[in-house]
1. Given the criterion open to solvent by 90 Å² or more (accessible area, probe 1.4 Å) and not in a strand (DSSP E or B), identify the matching residue among GLU46, GLU67.
2. Would you point out the residue of the range 12-43, among those that are open to solvent by less than 70 Å² (accessible area, probe 1.4 Å) and small (Gly, Ala, Ser), that is nearest to GLY128 (Cα to Cα)?
3. With the requirement that a residue be aliphatic (A, V, I, L, M) and either in contact with a helix residue (DSSP H, G or I) (Cβ under 7 Å, 6 or more places away or on another chain) or closer than 16 Å to ALA53 by Cα (or both), what does the range 65-81 give you?
Amino acid sequence: MNSLRMLDQDAENDDAAEVTWEDQQRINSFSKLNTRLRNMQEKLHELEQEKDALKDLADEFEMILDEDEPVLYKVGETFLHMPLPRARKRLEKDQAEVEGQVNTLSSSVKACEKEMQELKIVLYAKFGRAINLD
């Protein structure tokens with residue numbers, strides 16, 4: 001029942017591949033890409049939440065019947081009173097901006113994932129199970 005055991009000498013030496021300078025550069029590149037990917041995914045999640053909040057605001061604006069009554073609209077960290085038509089225009093502009101940022105960031109995430117996958121193929125081909133890139 002003891003799952004811990006020593007590797008025999010042959011099994012231990014099978015995984016020992018020499019790490020060249022190029023291999024180390026690939027590993028470093030993978031690590032940098034992995035960090036960048038995590039940061040981009042966090043930013044993408046924040047943008048998706050902002051996109052949902054703007055959609056909810058658009059739905060709220062649709063329920064307002066009195067066009068003359070000013071509404072509160074958040075600009076940066078401040079809420080401003082503005083007429084409903086102006087707030088709707090501002091909302092459309094903000095939605096388009098966030099959508100553009102989401103699209104740009106999504107394509108960057110895909111490019112980063114593709115580059116990481118290519119590095120994984122090369123590194124796993126050389127080091128097999130001796131390296132963990134997940």
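The values are calculated or read from the model by the stated rules, or taken from the named source; none is laboratory data. Computed from a predicted model, the values in this text were never measured in an experiment. Cβ coordinates were reconstructed from backbone atoms using ideal geometry, including for glycine residues, and neighbour counts include every protein chain displayed. Side chains are part of the model used for accessible areas, which takes the heavy atoms of the whole protein and leaves out ligands, DNA and RNA. Shrake-Rupley method; radii C 1.70, N 1.55, O 1.52, S 1.80 Å.
1. Values: GLU67 fails: open to solvent by 90 Å² or more (accessible area, probe 1.4 Å).
It is GLU46.
2. This residue is ALA17.
3. Matches in the range 65-81: VAL71, LEU72, VAL75.
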